[in-house]
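One structure below.
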Amino acid sequence: MRIWALFLFFGVLIILYIFILAPAGGFNVKPVVADSELMVGDVLLKMNQSGAALFVYDKSLDMEFDKNTLLKIAKAETNLGRKDEANQIYATLLRKNENETEAEIGKGDIFFDSGNYTGAIPHYDLALSKSPKDAGTWIKRGDSYLALSIIEGKKLSVLYKNLTKSKLDSNGGPDVNQITDIQVEYYQEAINSYQEAIKYAPMDAIPISMRVLSTSGNSLNDTAEIINNL
C-alpha cells in the first residue's frame, strides 16, 4: 500500500511539473528541475516501474543533455526488454567518448542478464582496461566466470549420469578431462577477479566469500552425483 501511495505521490508531482510548473517558469531553472526529475526517475526505477522512469528521464533529457541520464534510460530500456534500444544508447556514448566505461559495462550487463556470460566478459575486460581499479566490474567479471564454471560442472554431471567414463572414452564421446580443465580454468578466473575486487574494495570480501562458498557447495553436490553414477 505504501509503495502505491508513493508511486501516486510522485506521479502527481510529474503531472504538476509537466502541465503547470514547466510552462509557467520555462526552462530557466534547468539544473533544479532536472535534478528533481532524476530523483523521481530513480525512485521509480528502484520500484521496477521502468516505463514511468523512462518517461521521466526522457523529459529530463529534453531539458539538459546528461550522460548519467542516458545511462539510466538505457537501464530502463533493458529492464523493459528493449535491449536493442539500450545498446544503441551505449554505442552512442562510446562514440562520443571511447574511454567511457559505464556504457561498456552496460553492454556487458545486457549479455550477462541474458545468460550469455561468454559475451559479457569481453565488455567487462574492455571496461577494466580503462578503469582497472573498479571493484564492481571485477565482481561482474568474476560472477561471469563463476557462472560458466557452474555450467561446465552441470555438463559433467549430465555426462556421467548417462554414461560411465569408460564408455565416454571408448565411444569417442565428449572429452571429460577437457570439460574438467575448462571448469577449473573458469573457476580460477573467477577467483582471480574476486581477489582484484577485494584489493580495491575490502568491504566486499564477505559477500564475495558467500558467493564462492555457495558455488563450492553446488560443486560438491555435482561431484557426489557423479560418484553415485559411476
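The rows are residues; the columns are (1) surrounded by fewer than 21 Cβ atoms within 10 Å (Cβ to Cβ); (2) at pLDDT 90 or above; (3) of a type in the set (G, A, S).
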| position | (1), (2), (3) |
| --- | --- |
| N97 | yes, no, no |
| T101 | yes, yes, no |
| N116 | yes, yes, no |
| L128 | yes, yes, no |
| T137 | no, yes, no |
| V158 | yes, no, no |
| L163 | yes, no, no |
**OP:** Just need a number here: residues in the stretch 104-148 that are in a helix (DSSP H, G or I), without any contact (Cβ under 8 Å) to a residue 60 or more places away in the chain and not aliphatic (A, V, I, L, M).
**Re:** 22
Subject >> Options G136, G142, G153; residue that is more than 14 Å from the chain's Cα centre (by Cα) and closer than 22 Å to S209 by Cβ >> reply: G153
Original post:
Is it the case that the stretch 95-103 has a residue that's of a type in the set (D, E, K, R), farther than 27 Å from N192 by Cβ and either assigned to a helix (DSSP H, G or I) or touching a Gly at 6+ places or on another chain (Cβ under 9 Å) (or both)?
Top reply: yes
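The values are calculated or read from the model by the stated rules, or taken from the named source; none is laboratory data. Because the structure is predicted, anything quoted here is derived from the model rather than measured. We place every Cβ from the backbone using ideal geometry, glycine too, and count neighbours over all the protein chains shown.
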